[in-house]
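**Q** Here it is, the structure, as structure tokens.
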Amino acid sequence: MKFIHAADIHLDSVLHGLERYEGAPVEEIRSATRRAFDNLIKLSIDEEVAFVLLVGDLYDGDWKDYNTGLYFVERMGRLHDAGIRVFIVAGNHDAASQITKLLRLPDNVTLFSTRKPERIVLNDLGVSICGQGFATRAVTDDISRDYPQGDPQLLNIGLLHTCLDGKPGHEPYAPCTVDGLRSKGYQYWALGHVHKREEVSQDPWIVFPGNIQGRHIRELGPKGCTLVTVEGGEIVEVEHRDLDVMRWSIYELDVSATETVDDIYEQVREGLQSALDAAEGRPVAMRLVLQGACAAHLKLHADREHWIQEYRALATGLGGAGIWLEKVSIKTKLAISTDGVLEGDDALSGLLRTIRDMELDDLVLDELAGEMSVLRQKLPAELLAGDDPFDATNPKFLIETLEDIKELLVNRLLSMESRT
């Protein structure tokens with residue numbers, strides 16, 4: 001017997017960070033979560049699994065219209081025709097109070113209660129499945145404490161949308177502990193909420209499968225589901241299967257040993273091609289970061305926009321499934337040591353020390369944030385949204401901008417000094 005464990009589908013969620021760029025595959029981006037879910041349906045049928053577990057955040061909030069629900073019902077119908085059952089718990093994004101356009105699901109689909117843990121026994125398979133969904137968007141209690149003890153005569157599976165004992169970048173929803181889950185006597189805990197795959201434990205199995213499709217630059221690498229094989233009432237194999245249709249990647253290129261902009265261009269070409277090859281036929285959305293002290297620093301920064309567009313054109317021209325640069329960050333430095341100059345007694349050394357030591361205190365930050373709020377209202381919406389928004393009212397943003405300005409001024413002054 002086999003079953004599939006998937007979570008965090010986020011049907012019809014928008015992939016952030018690409019649509020505003022010329023040449024980006026807008027339609028592919030918009031349909032990515034559906035196509036990844038289609039891969040899940042196909043895998044389930046091809047592997048002839050007995051059932052599929054969907055552990056929270058099937059949707060990405062309330063539906064904009066009925067199309068999302070109609071799509072899901074039709075895909076559940078395909079599994080019904082293949083004799084595959086589906087068990088679902090609601091997560092924080094699709095809590096019962098948020099989904100207002102609920103459609104009747106095929107009879108092969110079980111949606112667990114949001115009021116208390118519910119147990120379903122599959123006598124033909126010798127399997128017990130227990131779960132409870134989110135009744136509201138923010139469940140902060142350990143709902144696993146009320147799950148019933150496992151039946152020693154059955155294979156016991158628990159479905160739980162949870163942060164476990166806390167995960168960076170995730171809300172502390174339905175917190176619980178590994179020891180608490182172990183105490184229930186289940187052989188497999190199917191978790192959701194954390195978008196990065198993790199096998200927390202193998203005795204018993206406690207697994208986050210990750211989401212099925214990366215949606216922005218923080219969700220890197222392969223995405224998919226977990227396929228579990230059971231023999232004689234025991235779990236004998238747990239394996240990841242890729243489902244994603246587009247990959248996100250960060251390429252940090254150290255150009256310290258590079259002499260010319262042409263050399264950097266070739267290194268970028270090699271890195272882009274390598275990422276495209278690793279994606280195995282999938283398009284790639286990449287953030288390119290150039291860093292390190294190099295001789296080409298001044299040329300890169302003197303015409304930064306030109307080089308950004310050069311790299312985007314390079315990516316577009318590689319062919320294949322396609323690679324698109326979500327962002328290009330040029331964080332190189334001048335290949336000149338500043339230590340000796342900063343310690344000097346002349347006017348340049350004094351000016352450089354003044355620039356280096358510039359800081360923004362809380363009062364100045366508050367004043368700048370107030371002034372920038374007027375500017376913010378005049379900026380286009382696309383600059384203010386997404387994974388890396390422009391927010392000049394944020395003190396952290398202002399401090400980082402000051403550091404960039406200091407770096408630019410010091411480099412320009414040192415480059416002038418090196419030419420005299």
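Bear in mind these aren't lab numbers, they're just calculated from the coordinates by the rules spelled out. Keep in mind it's a predicted model, so treat the numbers as computed, not measured. Here the Cβ is made from the backbone with ideal geometry for all residues, glycine too, and neighbour counts use every protein chain on show.
**Q** Beta carbons within 10 angstrom, averaged per residue: use that to sort the peptides 192-201, 156-165, 264-273, 301-310, highest first.
**A** Details: 192-201: 19.0, 156-165: 24.8, 264-273: 16.8, 301-310: 14.2.
Going from most to least packed, we get 156-165, 192-201, 264-273, 301-310.
**Q** Same structure, new question: Report the extension gain between Glu171 and Leu253 in nm, rounded to one decimal, defined as 0.36 nm multiplied by the number of residues separating them, less their alpha carbon distance.
**A** Value of the extension gain: 26.3 nm.
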